[in-house]
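The numbers here are math on the coordinates, done by the rules we state, and not lab data. No experiment lies behind these values; they were computed from the predicted model shown. In this analysis, Cβ positions are derived from the backbone assuming ideal geometry, glycine residues included, and neighbour counts consider all displayed protein chains.
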Amino acid sequence: MKRIFAMVSVGLVSAGAVLVVSRTTISAPVPAPSAQAALERNFDAAITIDEMRGWLQRMSAEPNHVGSPHDKANAEWELAEFKKFGWDAHIETFEVLYPTPVSESVELLDAQPYKVTLQERPIPGDSSSSAKDPTLPAYLAYQGDGDVTAPLVYVNYGMLEDYKALQRMGISVEGKIVIARYGAGWRGLKPKLAQEHGAIGCLIYSDPVDDGYAVEGTYPDGPARPSQGIQRGSVIDFTVFGGDPLTPGVGATANAKRLKISESPVILKIPALPISYADAQVLLKTLGGQVVPKEWRGALPITYRVGPGTARVHLAVKSDWSLKTVYDVVAVMKGSTSPDQWVMRGNHHDGWVFGAADPLSGQVSLLEEAKAIGRLVSQGWRPKRTIVYLSWDAEEPGLLGSTEWVETHAAELKQKAILYINSDTNGRGFLSAGGNHDFEHFVNLVADDVTDPETTVSIAKRLRAKMEVEGTRRGATDEAKAEAKAAIDPSKDFPIKALGSGSDYSAFLEHLGVPTLDIEFGEEGSNGGVYHSRYDTFEHFERFGDPGLVYTALLAKTIGRLVLRAADADMPVQQAGDFADTVTGYFDQVKKLEADKRNAAIMQSKMLAGNAFQLAADPTKASSVPTALQSVPPIDLKPMDLAVTRLAASAKAYDTACAQNGARLAPAARLRVASLMQTIDQTLAPPVGLPERTWYKNLIYAPGRYTGYGAKTLPGLTEAIEEERWADANAYARFTADALNAYSARLDQATAVLNGT
Ligand SMILES: [Zn+2]
């Protein structure tokens, strides 16, 4: 603890200064730097690794899925801690649909029948994994119950492209059970796409090429997934709407109006289960048919074939579909001068089984921050704005705890929220930040002032180095190249990521338009191999995720600074230039997508006319020609062109005015600018919403319909072009331009106040 604290102090005076200088000239000022630095040193002094270790051990001691006694006990214990730290805290409950398995089975019906194991054995030497048997076997929440028997087909990752390839191979999954491997896209898309293609059941397994012995040594020898490890998870179709499947758009309070289960569009209709790679190998070995394309092969010692084979699979799942209570812990530290401006910070507390890394590694940082803030308050400091700390329940089944809370308090949040900062799994390694790009500069300033414990340079400098190395590597993606270019230029901020979904920021960002940041450290520690399994334990996390919990402390110090600065800053912490640059880049991608799509359709129609697909195929194997692409009609991107140009000009004017006049603004004008900027990001989420999923309002950031957790930027427009919905493409070019123009108009108002015109 002492050693780390000393290094952070160094960071405040040296590493920070080098990178900041050129960029502070265009930045909004934060309060008197020396006072702020002293406050932050005090905050750091309260961060205690041993305490967090004890909390982590306690909270991950028993299974803590939704509805489990330990999950509730954790919420109640945290409530008491928040109160002890001096916060005004309470638990808010919701009643959500959360299915749990009553019975489930997967059997191979063959000359040699085989029954798949859906419980994971304890691991010798890992006392958590053997301390308490999970009450629930491995399963996929919100699959559709059923009892089916059919031949099996291997569908690779089970993504849209894979079904197109299957069609080319002349294979139909109609009436079959499919087996897909994890990876390449969100878990829930696999059974959803299987269902859409006529399959009657779906199995998902972790192939060791992506998640197992081909990656690293397996647990307990190494961190990777052991042969019997199973990835649980939710397959709720959150891309339609977020949260509880029965109460779209409203909080799942006790008396809320609810859909019937059969009416909910986000629950699957076919049964689905996750299995281990030891079991998958037995099933895959029985498949006949064509050998799969090279990219479809995993690392099991078998010849991968697409199927079907002579054997059939029996898959049966039956669940308890009752409502369960979720427990969100809400803790408030009231602001002294602006109590109606809220800086919010959250992390979930429910997990699959023990959940040491996911989510408790982030949760104990959150709790430690709350303790440190409480201590600052007891020493006489008080935040200017109100700080709200939130420990969410029911994130794992589909971001239920956060979404229901956001829906319940939507009107108040739209008025008062200035920023929501999220974390989840955390581990050893590099900073990873995502969120609204007008907060990119804010993240950069904080990252300049936090020292990486492994290298003793700032976490910003370390991240820049990584971006430079990765973006200049052979085969680097265009995105990686662009990141490297920004990272090496000290006059530019390092880029933060666009957010899609997969953690509790979604309802804030995408339903309300409240700006969010999602912060984590990782990539060096290895939490992935036990993700959503019985082996995500305290022992595994301490050995492989974050030895010594050094980065658990670092997360608290990083997010603590974001919270303290956002709570006390005299001027808005947004910087518009980064946002304008980023949106310009997104729009360039749209233009490229449109051109590529148009050229691909022209090329393919010539190939179809010339019988290219038949002539290029092996005549001894079944094959068929691809479905013809639609030719791309003209799309009117003019409104977007104008909006992006206007945004760049308005952003430049605002940032310049802020840098020149921000510090000497009269108090009344300062309040006026703060109030204009407080809700500016909400202009990006107008009421219209996205096509066929209007719960998602944000027209800049969304989870992709066919990527799941992965972000789609300018989603209304981009997805319309990708999915050949031309009327939507034209309409969303206008809606998105309108939203950007509203943002620019707000900037112009703030600029006028800053310039006194
Ligand atoms: Zn999580």
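Brief remarks follow.
- With bins 5 Å wide beginning at 0, the percent of Cα pairs of segment 621-757 falling in each bin runs 2, 10, 16, 16, 14, 12, 10, 8, 5, 3, 2, 1, 1, 1, 0, 0.
- Three-way shape call for segment 79-144 based on the alpha-carbon gyration tensor, with the a/c threshold at 1.5: oblate
- Segment 498-525 versus segment 298-357: alpha-carbon centroid distance in Å: 15 Å
- Charge dipole magnitude, Cβ of K and R +1, D and E -1 - segment 303-425, Cα centre, debye nearest 20: 260 debye
- Averaging the sequence gap over all C-alpha pairs within less than 8 Å and six or more residues apart, then dividing by the number of residues, gives the chain a relative contact order of 18 percent.
- Taking label positions 7 Å along the Cα-Cβ direction at both H409 and S130, the computed distance is 4.4 nm, reported to one decimal.
- By the rule of a C-alpha distance below 22 Å, with chain neighbours fewer than 8 residues away ignored, the lysines paired with K557 are K2, K83, K84, K334, K371, K384, K461, K466, K497.
- Computed about the Cα centre, the dipole magnitude for segment 568-717 is approximately 280 debye when only Lys and Arg (+1) and Asp and Glu (-1) carry charge, each at its Cβ.
- Amide H to amide H, with H built 1.01 Å from N, L517 comes under 5 Å of Y420, I421, N422, counting only residues 5 or more places away or on other chains.
- Loop-located trypsin sites (Lys or Arg not before Pro) in segment 390-490 (DSSP state other than H, G, I, E, B) with a sparse environment of at most 14 neighbouring Cβ atoms within 10 Å: R473, R474.
- Beta bridges per DSSP with both ends in the chain, % antiparallel, nearest 5: 60 percent
- For segment 304-314, Karplus couplings with θ = phi - 60° (6.51, -1.76, 1.60), whole Hz, Gly/Pro x: 6, 10, 7, x, x, x, 7, 6, 10, 10, 9
- Take 333-344, 505-516 and order them by the average number of nearby Cβ atoms within 10 Å per residue, most first; the result is 505-516, 333-344.
- Across the options Y219, G175, V266, the greatest Cα extent toward the positive end of the charge dipole of segment 153-279 (unit charges at beta carbon of Lys, Arg, Asp, Glu) belongs to V266.
- Most positive-pole-ward Cα, G708, A663, V625, against dipole of segment 616-713 from beta carbon charges: A663
- For segment 105-115, putting each phi into the Karplus relation 6.51 cos²θ - 1.76 cosθ + 1.60 with θ = phi - 60° gives couplings of 7, 10, 10, 9, 9, 9, 3, 10, x, 9, 10 Hz, in residue order, rounded to whole numbers and with x for Gly and Pro.
- Alpha-carbon centroid distance for the pair segment 410-470 / segment 563-605, whole angstrom: 18 Å
- Annotation for segment 210-265: trypsin sites (Lys or Arg not before Pro) lying in DSSP loop with at most 13 further Cβ atoms inside 10 Å of their Cβ are K257, K260.
- Amide H contacts of A141 (H built 1.01 Å from N, in plane; Pro and chain starts excluded): G233, S234, V235 sit under 5 Å, all sequence-distant by 5 or more or on other chains.
- Segment 344-388: relative contact order in percent, alpha carbon pairs under 8 Å with at least 6 residues between: 41 percent
- Counting only Cβ charges, +1 for Lys and Arg and -1 for Asp and Glu, the dipole size of the chain around its Cα centre is about 1040 debye.
- Nearest-ten-degree value, helix 667-678 long axis tilted from longest Cα axis of the chain: 0 degrees
- Value of [θ]222 nm, deg cm²/dmol, for the chain, DSSP H segments ≥ 4, -39500 (n - 2.57) each, nearest 500: -12000 deg cm²/dmol
- Of all lysines in the structure, the ones whose alpha carbon falls short of 19 Å from that of K652, not counting any fewer than 8 places away in one chain, are K492.
- Vicinal HN-Hα couplings computed from phi for segment 210-222 (Karplus, 6.51 cos²θ - 1.76 cosθ + 1.60; Hz; Gly/Pro x): 9, 7, x, 5, 6, 8, 7, x, 8, 5, x, 5, x
- Inter-part distance where segment 213-263 and segment 119-156 are each reduced to a Cα centre, Å: 13 Å
- Cα-Cα over 24 Å, subset of K190/K318; K294/K597; K176/K318; K294/K621; K324/K414: K294/K597; K324/K414
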